[in-house]
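So the structure is just underneath, and the comments pick up after that.
Every number in this text was worked out from the coordinates using simple rules, so none of it is lab data. Keep in mind the model is a prediction, meaning the values are calculated, not measured. Neighbour counts are summed over all protein chains in view; Cβ atoms, including those assigned to glycine, are modelled from backbone coordinates with ideal geometry.
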Amino acid sequence: MRVIFKRILFMQASTIAFARQRDLFSQLEIISNNIANSESTGFKSDLAVYVKSDKRINGQPDPTPVLAVATNTAPGGLVTTQRQLDIALDGKGFFAVETPLGTRYTRNGGLSITAEGFLADANGNQISGEGGPITMDVADAEIEINLAGEVYGIGPEGRSLRGALQVVKFENESVLQKAGNHLFKSDIAPEAAIPNEDYKIVQGAIEGSNVNQVSELTQLIEISRTVANLARIVQDQHQLLKSAVSRITGTGNG
Amino acid sequence: MYRALQIAATGMAAQQLNVEVISNNVANLNSTGYKRRIAEFQDLLYQNLNRDVGVQSTTGGNLPPVGNQVGLGVKNSGIFINTNQGTLVKTDGKFDLAIQGKGYFQVTNADGTVYYTRSGRFSPDGNGLIVDPNGFQIDPGLTLPQDYQDVTINQQGEVFVTISNTVAPQLVGRITAVNFLNESGLRPEGNNLFTETLASGSPTQGNPGAIGYGTVQQGFIETSNVDAVNEITSLIVAQRAYELNSRVISTSDDMLNAINQIR
């Protein structure tokens, strides 16, 4: 079959249909990943976009579009948890996280404290403060994080400043690549975000996933129908070819 | 090709866990000193479809502004413990104690294992030793004299007994409290008990009422901090997310079926 597809121009409709189907399965993966992460803290949904190919085949423009994945960095809804160590970024920006592989960025403010007292993300990676990691004290009965991201411990010496959270922003958020485990990485250095102007920090809440379940479900139905339609096209082409062959050779009833 | 099915399966497994955590919260709606658990989720790894982000599509061609990474599903990042104070309920039990504020009671079982708890339903055993409902001794140990009439425990945890024929109450010991840097890192052992882990940090012992420690309230117990309305809402959200993931599986199946019929 593959040899015929390559040689007969007439079969181009089928090749396009197959290429399109392959992309639709990739799109299905993107949608299923979005749906699987519809309850993941600070998750940003991915969108399959088709761009016109700039390749040329036999001097002709490649008719099959190229699939690319864009991340929708729109904010997710705030979910109140009333946990002192849950914070959400209202506005632009990302928290910076120190991982063994380098600095990563996240919108997930579900923080915890390590055994050494450092403020960390759910995976135990230290959250960056303006002047290095933020250390809490065992005697801090309460933790207060204000709008500007200043972290206070309320303990024996009263209210004392433990550090300020580092919040960064990117001019162009499409430079961010997903690194898994709610983290993003970037080859381009970010700039500092300005409190009250770019962002506000909300304590006792986390940013939910920005996945829109209705639109994901609609896309799911759409691609499922398209795959079925494309299968029909391939089937029709097959019938057409079969009848052409039998008419030319005079075999069968065509 | 079958990645979509596996991705949806991770989504269903995650929501299953979410429902389990929620149902445990609901089941413990009336458990003394129970702290609400919250399951949090995060995305798994990403795979590049055919080129890395920032790579030119052709030599001298345009630089596509977007990549094509496909995520591989979801996983649980941890089950957080919401350590907020539960409501204190008056019981008038002489040995019912609650900590208002930060801190845990420390109890020791017969083989010397130390446990920490917020559930303060204590009682004296046959020898006058103060024990919890599991029979574990409060640590440091506290023994009441055989002929005591009444017991008063003040907010600082000091235990006074009134003995017949004496006027002044007598100080017989003190109930202490312990704090941890990371309470969420304690390991739940069931029966309202926790043990220390590497993640929780070492306990620091102090007197109730001292700065950084809560006060002891005699005649009260701390109820669970689970909010039924909150849990039911979370349950509905989890159920819908589960359904949506199962929908992905059935759609993937339909699509594979359509492909399968081409010949």
Report task. Report, as an integer, the average count of C-beta atoms from other chains found within 10 Å of each Cβ along A:83-95. Result -> 2
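Around B:S123, under 10 Å between beta carbons, what's the net of Lys plus Arg minus Asp minus Glu among the other residues?
-1
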Query raised in the report: If you place +1 on the Cβ of every Lys and Arg and -1 on the Cβ of every Asp and Glu, how big does the dipole about the Cα centre of chain A come out, in debye to the nearest 20?
Result: 2280 debye
Report task. Give, rounded to the nearest 20 debye, the magnitude of the charge dipole that the protein assembly as shown has about its Cα centre when Lys and Arg contribute +1 at Cβ and Asp and Glu contribute -1 at Cβ. Result -> 2940 debye
Requested in this report: Treating the angle as unsigned and between 0 and 90°, give the value, to the nearest 10°, between the Cα long axis of helix B:3-27 and the longest Cα principal axis of chain B.
Outcome: 20 degrees
Query raised in the report: Taking N as the number of residues in chain B, what is its Cα Rg relative to 2.2 N^0.38 Å?
Result: 1.49
Query raised in the report: Add -39500 (n - 2.57) for each DSSP H run of 4 or more in the protein assembly as shown, then divide by its residues: what number comes out at 222 nm, to the nearest 500 deg cm²/dmol?
Result: -8500 deg cm²/dmol
Report task. Return the lysines within reach of A:K52: Cα separation strictly under 23 angstrom, same-chain partners fewer than 8 residues apart disregarded; answer none if there are no such residues. Result -> A:K6
Report summary line: In terms of the alpha carbon gyration tensor, root eigenvalues a ≥ b ≥ c, rounded if a/c is under 1.5 and otherwise prolate when a/b exceeds b/c or oblate, chain A is prolate
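Across peptide A:221-233, how many C-beta atoms of other chains are within 10 Å of each residue C-beta, on average? Can you show the working numbers first?
Details: counts 3, 0, 2, 8, 4, 2, 7, 6, 1, 3, 7, 3, 1.
Whole-number average of other-chain Cβ neighbours for A:221-233 is 4.
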Report task. Starting with the highest mean, order B:219-232, B:11-24 by the number of other Cβ atoms within 10 Å, averaged over the residues of each peptide. Result -> B:11-24, B:219-232
Requested in this report: Answer with one residue from A:N146, A:G109, A:N33: the one whose Cα lies farthest towards the positive end of the charge dipole of chain A, charges on Cβ with Lys, Arg +1 and Asp, Glu -1.
Outcome: A:N33
Requested in this report: Could you bin all the Cα-Cα distances of the protein assembly as shown into 20 Å bins starting at 0 and give me the percent of pairs in each, rounded to whole numbers?
Outcome: 19, 41, 24, 11, 4, 1, 0
**Report entry** 10 Å Cβ neighbours from other chains, averaged over peptide B:2-11
**Finding:** 6
Query raised in the report: By how many degrees, between 0 and 90 and to the nearest 10, does the Cα long axis of helix A:213-249 differ from the longest principal axis of chain A?
Result: 20 degrees
**Report entry** Candidate lysines for bridging to B:K35, where Cα separation is under 27 Å - those fewer than 8 sequence places away on the same chain excluded
**Finding:** B:K75, B:K90, B:K94, B:K102
Report task. Highest first, please rank the peptides B:250-258, B:159-167, A:51-59, A:178-186 by the mean number of other Cβ atoms sitting within 10 Å of their residues. Result -> A:178-186, B:250-258, B:159-167, A:51-59
Query raised in the report: How many angstrom separate the Cα center of the range A:154-206 from the Cα center of the range B:1-17?
Result: 30 Å
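Just the ratio, please: alpha-carbon radius of gyration of the range B:88-222 over 2.2 N^0.38 Å, N its number of residues.
Against the empirical 2.2 N^0.38 Å value, I get 1.04 for the range B:88-222.
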